[in-house]
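Nothing in this text is a laboratory measurement; each read-out follows from the coordinates by a stated rule. Source: prediction; values computed, not measured. All Cβ positions, even for glycine, are placed from backbone atoms using ideal geometry, and neighbour counts span all protein chains on display.
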Amino acid sequence: MSSIDQIMEFNQQFVKSKQYEKYRTTRYPNKKLVILTCMDTRLTEMLPRALNLSNGDAKIIKNAGAVISHPFGSIMRSIIVSLYQLQAEEVAVIGHYDCGMTGLRANMIMDKAKENGLDLSQIEAAAYAGIDIDKWLEGFDDVEDNVRHSVEIIKRHPLLPKNTLVHGLVISPETGELTMIEKDEPYQ
Ligand SMILES: [Zn+2]
């Protein structure tokens, strides 16, 4: 039985026994907060618990490493949509220690793809066409620097609403402890 089969089986019971009732809320975040964090499995439940977030409290955007690779990519779009359309007013970038994106280099993935027997000629063609595969698959060297970098991209974005607070933090995946890297203060 694959995971998805187990999920489908559980899901029928979940709906039938109306377990959804305690999660009912709206699409607008109660705490007016949008969080960009990492997809790390240790944070799935830990992060909301450690921040006292319940269903409906915050928009949570996740990817590998809480990285914003492009100021006009999908992560930044999600942040902008949250701020304009979904009543969020404050942004927190939350990286974490021991992140799988630390030290990641493109060749690590390319080597595995080769071992997997994939034909890499199309990737080579993409590289030839100007797509920077190395940059696309590259992680970062220091999680705190990466958080600062993401905060900087958000703060400099030409569509960021005035007076939006943008903070940078790092969470421990072991204890849930938050370390403040950059705290934004309301503009006086
Ligand atoms: Zn991570």
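Below are the figures for this structure:
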read-out	value
Contact order relative to length of the chain, as percent, for alpha carbon pairs under 8 angstrom and 6 or more apart	23
Nonlocal amide H pairs with His96, under 5 Å, H built at 1.01 Å	Ile171
Neighbour-count ranking [beta-carbon atoms within 10 angstrom, fewest first] of Ser69, Ser82	Ser69, Ser82
Relative contact order (percent, whole number), the stretch 104-188, Cα cutoff 8 Å, 6+ residue spacing	23
Student exercise, the chain dipole from Lys, Arg, Asp, Glu Cβ charges, in Debye to nearest 20	1040
Order of Thr37, Thr179 under a 10 Å beta carbon neighbour criterion, fewest first	Thr179, Thr37
Whole-Å distance, taken between Cα centres, linking the stretch 37-76 and the stretch 100-127	26
